[in-house]
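Every number here is computed from the coordinates shown, using simple stated rules; none is lab data. Bear in mind that the values here come from a model prediction, so they are computed numbers and not experimental data. Cβ: placed from backbone, ideal geometry, glycine included. Neighbour counts: every protein chain shown.
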Amino acid sequence: MGQTIAEKVLAAHSGSDCAAGDIVVASVDFCMAQDGTSTMMIRELENLGFEHPKTALGMGLVLDHNAPCPSVEVARVHLRIRGFADKNRIPLYETGCGVCHQVVPESGKVLPGSLVVGADSHTCTYGALNACSTGLGSADVAAAAYAGKLWFKVPETYSIIAEGQLPDRVGAKDLMLKVIGRLTADGATYKSVEFTGASVASMGMDGRFTIANMAVEMGAKFCPFSFDEKTSSWLSERGFSAGAPVSSDPDAHFEKRFDFDAADVVPQVARPHSVDNVCDASSLRGTKVQQAFLGTCTNGRLSDLEAAARLMRGRTVNRGVRFIVAPASRTVLLDAMASGVAAQLVKAGAVFVAPGCGPCVGTHAGVPSDGENVISTANRNFKGRMGNNRDVGIFLGSPETIAASAITGEITDPREV
Amino acid sequence: MRLTGNAHRFSPDDDINTDYIISGRYKFRIDDMNELAKHVMEDIDPVFSKKVCKGDFIVAGRNFGCGSSREQAPRALKAAGVSAVLAKSFARIFYRSSFNIGLPLIECDTDSIRAGDRLTVDLDAGLVTNSVTGESIQTKSIPRTMQVLLEDGGLIEHLKKHGDFALE
């Protein structure tokens, strides 16, 4: 019987001939934590008598969720993380470096075929690089750093095939929202999900990061993409090796298969308060928004900023809307500055905040007022997510939909502006 | 192990995410789990932390604990006195984290349990007894790996005890 990517990666890292359903102890290549999850991990590591990470490529700590620091209490948390990183000579990605899920791939710590864990649920993002990566709690990540390995249940794999090509002004985010709307919030719980088909083959790496990032919104554990010339170029342009690419065997067992026609996908929006509450953007015409947010580990990359800027060209942000942009990393910000995209967005009325998570998780940089609606490129729209649970509605969409809505002041299909 | 306490329910009770269990508004700035426990479930039941008593159960539908990986979620529930969560299914990260920190999760059909019902959960027998309705509910057995972690007092204590993973 052939093997899936998940089976191959876990087999290679556990030295066993494992198959879905088996429990294995596998070596972990890299682990990371962010400012909301590091302190619990640090406490566990100190409890274990930790000296240095035993993971092959070490670990990274990222100050992104609450950076720049909004309060004295968080300042103490950051101080503790800095102290631990200094003492143990662990790379620390400081305020303004960016969101962990952009900074970690940019640092070359995730290569094809790797097994990576992180104390952040969106760690599945690195699947775009043909890796198996997954989010875990702080204790699990502490255990991986301490032991250099961790136990895993080998997941079953779902195959999602999106043939055809996405139409103009329809992107990876729309495709993924369509998929989540069909599979639902627990439709892929504990599964590895492999996306293939013509639309995925022609999709840029930024789009693949968007899709892999949101795999956890349907419960998935891994979302490894196939390795191809796009993966190879992304790595070589940054001076990284191609790692050990892995592909599913033709006779691999997929527990379920889902087919989508990319050509049929239209701009999608997830309505409050769950990510699987998806509809066509055009059906929400007339829904006023007071804030639009472009950024996050889902859609804060250069091509996302470029897509929004293309739509904003010659237009300005509606006077009733605050349009906040948080580039996913310093590199993304520098690239957007160099290409003129950043200036274009600012001239149109956008407000740039520091590279990082921005207002996604509701602790700084754009908490909405009572009764307001927000349209956002983030991955979650739970009640209270952006820091205010008093009748705030968070709608999720693509960079193009966010830009179109910022222009009109209401939720807008980007093909209509 | 036998646990006894009252059931707490929420509406709607599917897809209760970890943001609802403990909001980002609190979890980033409060490090003390007893302080965090005062805000547990606040966004979907503002008075929950005042109602919950030591030993009580949260009873929910599908996909309990989805969303963020924040380990503060199971830790704050435990600090609030919750002795176990009963649900039709759990999200993956929350499932591992709960056993890692010593909070048992029970998968069973929860439809017949009402808020306020007095429950006894027998983890070994895999049985929930409802002393209000008299009904007994069979639970899914807890996987061996998770039983080992619970018996050892969580993942970190397991590693300290064995010096390695000893899950078989």
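Once the gyration tensor of the Cα atoms in the protein assembly as shown is diagonalised, the equivalent ellipsoid follows with semi-axes of 35, 28, 24 Å, ordered largest first.
The trypsin sites (Lys or Arg not before Pro) of region A:61-110 that DSSP puts in a loop, and whose beta carbon has at most 10 other beta carbons within 10 Å, are A:Arg89.
In loop segments of region B:90-168 as defined by DSSP, the trypsin sites (Lys or Arg not before Pro) with at most 16 further C-beta atoms inside 10 Å of their C-beta are B:Arg114, B:Lys140. Listed by chain and number, the lysines whose alpha-carbon sits under 20 Å from that of B:Lys27, ignoring those within fewer than 8 places in the same chain, are A:Lys383, B:Lys38, B:Lys50, B:Lys78. Each of B:Ser11 and B:Asp31 was given a label point 7 Å from its Cα along the Cα-to-Cβ line. The distance between the two points is 4.1 nm.
If you plug the beta carbon distance of A:Ala201 and B:Asp111 into 1/(1 + (r/R0)^6) with R0 = 41 Å, you get a FRET efficiency near 0.40. Sequence-ordered 3J(HN,Hα) estimates for region A:358-364 from the Karplus curve with 6.51, -1.76 and 1.60 and θ = phi - 60° stand at x, x, 3, 9, x, 10, 6 Hz, glycine and proline given as x.
Relative to one another, the C-alpha centroids of region A:216-262 and region A:380-417 are positioned 30 Å apart.
Of the beta bridges DSSP finds with both residues in the protein assembly as shown, what % are antiparallel, to the nearest 5?
30
When chain A is treated as a Gaussian network with alpha carbon springs shorter than 10 Å, the biggest mean-square fluctuation among A:Lys230, A:Lys221, A:Lys256 belongs to A:Lys256.
Phi angles across region B:34-42 convert, under the Karplus curve 6.51 cos²θ - 1.76 cosθ + 1.60 with θ = phi - 60°, into 3J(HN,Hα) values of 5, 6, 4, 4, 5, 10, 5, 6, 4 Hz, Gly and Pro given as x. Most simply put, region A:270-416 has about 20% antiparallel DSSP beta bridges, counting only bridges with both residues inside it. Extension gain, A:Val417 to A:Ala242: 0.36 nm times the residue separation minus the Cα-Cα distance gives 58.9 nm. The alpha carbon centroids of region A:106-156 and region A:278-330 are separated by 30 Å. The alpha carbon convex hull volume per residue for region B:19-159 rounds to 105 Å³.
Sketch the reach of a paramagnetic label on A:Ala338 as a point 7 Å from Cα along Cα-to-Cβ, and name the residues of region A:237-252 whose backbone nitrogen lies under 16 Å away. Those under the cut-off are A:237-240.
Scanning residues 5 or more positions from B:Phe165 or on other chains, none has an amide H under 5 Å from its amide H, with H placed 1.01 Å from N in the peptide plane.
Between region B:58-86 and region B:105-125, the alpha-carbon centres lie 15 Å apart. Each pair of Cα atoms in region A:5-260 enters the Kirkwood radius, and Stokes-Einstein at 10 °C and 1.306 mPa s then converts it into a translational diffusion coefficient of 86 µm²/s. With Rh defined as the Kirkwood radius, the inverse of the mean 1/r over Cα pairs, the Rg/Rh of region A:333-417 is 0.98.
Length available on full extension from A:Asp264 to A:Arg182: 0.36 nm per residue minus the Cα-Cα distance, which gives 28.1 nm.
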